[in-house]
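Have a look at the structure below before the remarks.
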Amino acid sequence: MTDYKSLKSFIKIMIFFVIIFVIINSCSKFKNDKKLFRIIASSSTRGMESYIKKCAKKEGFNVSIDYYGDLEIVDILNDDSSKYDAVWISNSIWLYNLDNSSIITDSKSTFIDPVVLGIEKSKAEELGFVGNDVYNKDILDSVRNGNLKYVMSSVTKTNTGATTYLSFLNSLAGSPEVLTSQHLSNESLVSDLKDLFKGVERVSGDEDYLLKMYENGDYNAMFNYESTLINLNKKRVSKGKEPLYLIYPKDGVAINDMPLAYINNNLNDKDKKDKFIKIQEYLRNDEAITKMEKLGYRSWYGGVKENTDKSVFNPDWGIDTSKYLKDMKYPSKKVMSEAINLYIEKLRKPTHVVFCLDISGSMYGTGLDTLKEAMNYILNYETSSRDKLQFSSLDKITIIAFDDKYKVYDTKMGDDTDSVISIINNLEAGGATNIYDTSVEALKILSKDDSNEYTKTVILMTDGMSNVGTYRDLEKYYKSSKSSIPIYSITFGDSSEYELNKVARLTNGKVFDGKSGLKEAFMEVRSYN
């Protein structure tokens, strides 16, 4: 009995100490949270993280930085701005596109990073671009003549893609004082832009992957940040590869001013505001400017400081920091939205997507229901257009449903999705899983299309390991056919990422995680085609 009482007393004492520990830990966490300054930032600013944290530590507080794509930042802040104290974004235009832009205050430019066209130097010489003034019309003419093809980031999902498009739109419209809705209805302008986008070989849904995709593929031109192309050239030269020559159209380029702005969630929070000012002042002082210029960022619209390392802004790469860059004029929020819709519906190079849908036995029940729900979302014009993911009437959609065998459903046009949705909703699960033969069939279907007319993509969805067919069969076909069509895979259930990563490496594709949200994975992969 005594032992029982002793044990009971011991347990009470332990519970007491646990409660005290939790209270102390919570108070400490609360105290640390009050000292924490939270920034949501464009991934393009990642190179300065250690310096910002060092600056904050010196001032007696901590900084956390979450990185996203610029357009994704807009969505996050529109949803809930209270999670962050400041935003560091690539371009001021996105701050003006916030639903509640009034909470953004004290915005100041930190550094300058134009979006330019990088072309392998031998190709740039062939086009007559080296050492000469180049206009946006010259780039368009090179595409029209079949002499130039390029890769770029998504117009609807990335800053570089959107600003590249808006720059061409503004220039080819004659660089008006203000771009209006009336300009967007000009048939000649629409024709020019359609021809320009025929030069697109691949599209990336994010800027980081664009760089990886470019290096792993057989491409010779890319639209990207000047800083990104500078750092790419450093790596290429160190490996004995040909550098890219940077093209700055004389009639205007998209220039990113990389503003740091305060998010005024609490009007009376002087402590947060003081922390913000200290970070902002640091980013605009000589020490930070020197560090950023080493990373390939300009300190002003004309260029860089006189003592900046010339090997960074190398004149042999087409970079001239003695000239003032001509910035394009961005349109209003309303016209910008109309311009994006115009791109989706009429200008974007048509895409032919083959959806390979796993309907093997393991998909029975919840798996197949989730798949159908996601496909209904992505193929329904009304729902997908809310996220600017809709297919246009110029696009083509093919469905391959597979288990141990596969069945191909007739190709449908992008605006005939009702019949495609009906096919998907009537699919039933059963059988084994054959990823590889299905992928080969998808590639064969796409090989019949003209690459000049369509962007071609395979989207493979599976919840299991392939137990019919072999990777070697896919590899043999892909290499012998000299295919360059990417296979993007979406994982869910117990899918084997090892197998899918092999497919991604072979085809210069990518694997997307659908296990935590199939709809979200669809939204992401859709921006890659």
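Every number here is computed from the coordinates shown, using simple stated rules; none is lab data. Treat the numbers as computed from the prediction; the structure is a model and nothing was measured. Virtual Cβ from ideal backbone geometry, glycine too; neighbours counted across all protein chains shown.
Computed values, structure above
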read-out: FRET efficiency for ASN147 and ASP286, using Cβ-Cβ distance with R0 set to 30 Å, rounded to 0.05; value: 0.10
read-out: Net charge of Cβ neighbours under 14 Å - reference ASP251; Lys, Arg +1; Asp, Glu -1; value: 0
read-out: Residue exposure sequence - MET152, MET213 - by fewest surrounding Cβ within 10 Å; value: MET213, MET152
read-out: Subset of LYS123/LYS291; LYS239/LYS476; LYS83/LYS273; LYS108/LYS212; LYS294/LYS510 violating a 24 Å alpha-carbon distance limit; value: LYS123/LYS291; LYS239/LYS476; LYS108/LYS212; LYS294/LYS510
read-out: Rg followed by Dmax, in Å, when region 350-526 is reduced to its Cα trace; value: 14.8, 41
read-out: Exposed-site-free run, longest, the chain (rule: GluC sites (Glu not before Pro); DSSP loop; at most 16 other C-beta within 10 Å); value: 1-176
read-out: Environment charge at GLU338 (Cβ cut-off 14 Å; Lys +1, Arg +1, Asp -1, Glu -1); value: +3
read-out: Ascending count of other beta-carbon atoms within 10 Å, so fewest first, for VAL420, VAL237, VAL354; value: VAL237, VAL420, VAL354
read-out: Under the Debye formula (equal points on every Cα, no solvent term), log10 I(q)/I(0) of the chain at q = 0.08, 0.12 Å⁻¹; value: -0.60, -1.18
read-out: Gain in span if fully extended, LYS294 to TYR96, counting 0.36 nm per residue against the direct Cα distance; value: 68.3 nm
